1. Per the Kirkwood formula on distinct C-alpha pairs, the Rh of the stretch 78-174 is how many angstrom?
2. Compute, for the stretch 106-176, the length of the dipole vector about the Cα centre, with Cβ point charges of +1 (Lys, Arg) and -1 (Asp, Glu) only. Units Debye, rounded to 20.
3. Could you run the Karplus curve 6.51 cos²θ - 1.76 cosθ + 1.60 with θ = phi - 60° over the stretch 256-266 and give me ³J(HN,Hα) per residue in whole Hz, x for Gly and Pro?
4. Which whole-Hz couplings ³J(HN,Hα) result when phi for each residue of the stretch 74-91 is put into the Karplus expression 6.51 cos²θ - 1.76 cosθ + 1.60, θ = phi - 60°, listed in order with x for Gly and Pro?
5. Can you give the accessible area of His267 in Å² (nearest 10), computed on protein heavy atoms with a 1.4 Å probe?
6. Under the rule of at least 5 residues apart or a separate chain, name every residue whose amide H is placed under 5 Å from the amide H of Val124.
7. For the stretch 125-136, take each phi angle, set θ = phi - 60°, evaluate the Karplus expression 6.51 cos²θ - 1.76 cosθ + 1.60, and give the result in whole Hz per residue in order, putting x for glycine and proline.
8. How long, wide and thick is the stretch 208-281, going by the Cα atoms along their three principal axes, in whole angstroms, largest first?
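The values are calculated or read from the model by the stated rules, or taken from the named source; none is laboratory data. Worth saying up front: this structure is predicted, and the values here are computed from it rather than measured. Note that we place each Cβ from the backbone using ideal geometry, even for glycine, and neighbour counts take in every protein chain shown. Side chains are part of the model used for accessible areas, which takes the heavy atoms of the whole protein and leaves out ligands, DNA and RNA. Shrake-Rupley method; radii C 1.70, N 1.55, O 1.52, S 1.80 Å.
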Amino acid sequence: MRLRSLPVLTFTILLLLVAGPAWTLRPKFQPPQAPTGLHQKEFFRPELYISIRHEALPDVIDRLPNRLAWEQLFQRYGRDFHVYIDPRSGTPSNVIGHIPMIPGTGVGNAVTLEDLSKVLGRPVSVVDEKVVADLIVKFIRDHQDALRIDPQELGSVRAVQVTDYLWQVHITQQIKGIPVRHAHIVATINHGNLILFGTESWGRVSVLPQARISASEALRLGFAYVGGRTSEDRLWKEPTLEVVPVAPLEYQVGDAFNGPVGLGYRHRLVWVFGFERSPDLARWEVMVDAHTGEVLAFQDTNLYAKKKIVGGVYPLTS
C-alpha cells in the first residue's frame, strides 16, 4: 500500500522523534532491471493511494460541523494557537500552542503534582510515562468534539521522555483491537506545556470489524493471485487483520480530495500477510479484503537503492 503524506514540518519532526527509535531498517537492494515473474503482478487498488493536505483552521472553520467545540476550546486555553485541519477527516493534523500539562517552566505553567493528583483522581508523586500518557488521553477525552476523535478508537499509548523537559507521545488507532494502518496521534510536551498535537490518517471507522473469510482462505486467495503457493515460499508475516483507509473515489479529483469535510476516509477490513520466494530477494505483502475475498494489493516492501548517496543523517536534532 502506498500513502502520500505531506505533513507540516513540525509534525514530521515530531513523528520522527516518536517513531524513530522503534523503526527497523532493512537492507536496500538493487531493483530488478526489468519486471519479471512476481514483479509483473505487483499492483494496488487506486483508492489505497491517499493524498493528504492541511488547511488552516480559519480557512475551513465555516465548513466544520464542530466549530462551536473549537470555540469552547479557545475560550478555555486562549487563542494563541496555530491549527491545521485534515479536510478528509476534520481532525487537526497539527495544533501548535502551549497548554500547561505537567510541572515545568513553560509559558504560563504553574502546574503542581497536587494539581495532577486532582486531575487524574489518584496520588501523583512523580511524572512518569503513565502519568503523561493518561494526561494526553484525558485531554483527548475532554476535547473529543473539537478533535473529532472517538476515545473508544484509541489504541496503544506510548509516552517517551526524550530529555528532562521533553516528552513525546504516540497513540495508534484501533477498532475492537484491530489496528488501523497508518492512523495515529502524536503529541509533544516541552517544559511542561503541550506544544504540539496532531493526527495522521485518523478518520471515523464504520467498517464491520468481523472477518467473513478465514485467515487460511485469505492465504489461499492471495497465493492464487500469484499462480499458487510453491515449496520455495516462506511466510515472513502470518495473516493478520488490519483496517486500511481508502479514498472515496466519488470525492477525488485526480489525487486530491474534493468533498465535504470529514468524508474523505473510508475503510476496509483486510487480511495482510507477507512471503518471500527464494531465490528472489523481494519481500511480498498481500492484502485481501476480509469481507469479499478480493485481493486489494500485492507489493514488494523492500527499499531499493538506485544510486549512491553521500552524506549524513541526524536522527534527532533541534
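1. 14.7
2. On the way: 8 positive and 10 negative charges, 40 e Å.
The calculation lands at about 200 debye.
3. Once rounded to whole Hz, the list reads 8, 7, 9, x, x, 4, x, 10, x, 10, 10.
4. Per residue, the Karplus-derived 3J(HN,Hα) values read 5, 4, 7, 10, x, 10, 7, 9, 10, 10, 10, 10, 7, x, 5, 10, x, 8 Hz.
5. 20
6. Hits under the 5 Å cutoff: Ser117.
7. 10, 8, 8, 10, 4, 5, 4, 5, 4, 5, 5, 5
8. Over the stretch 208-281, Cα extents along the principal axes are 50, 29, 18 Å.
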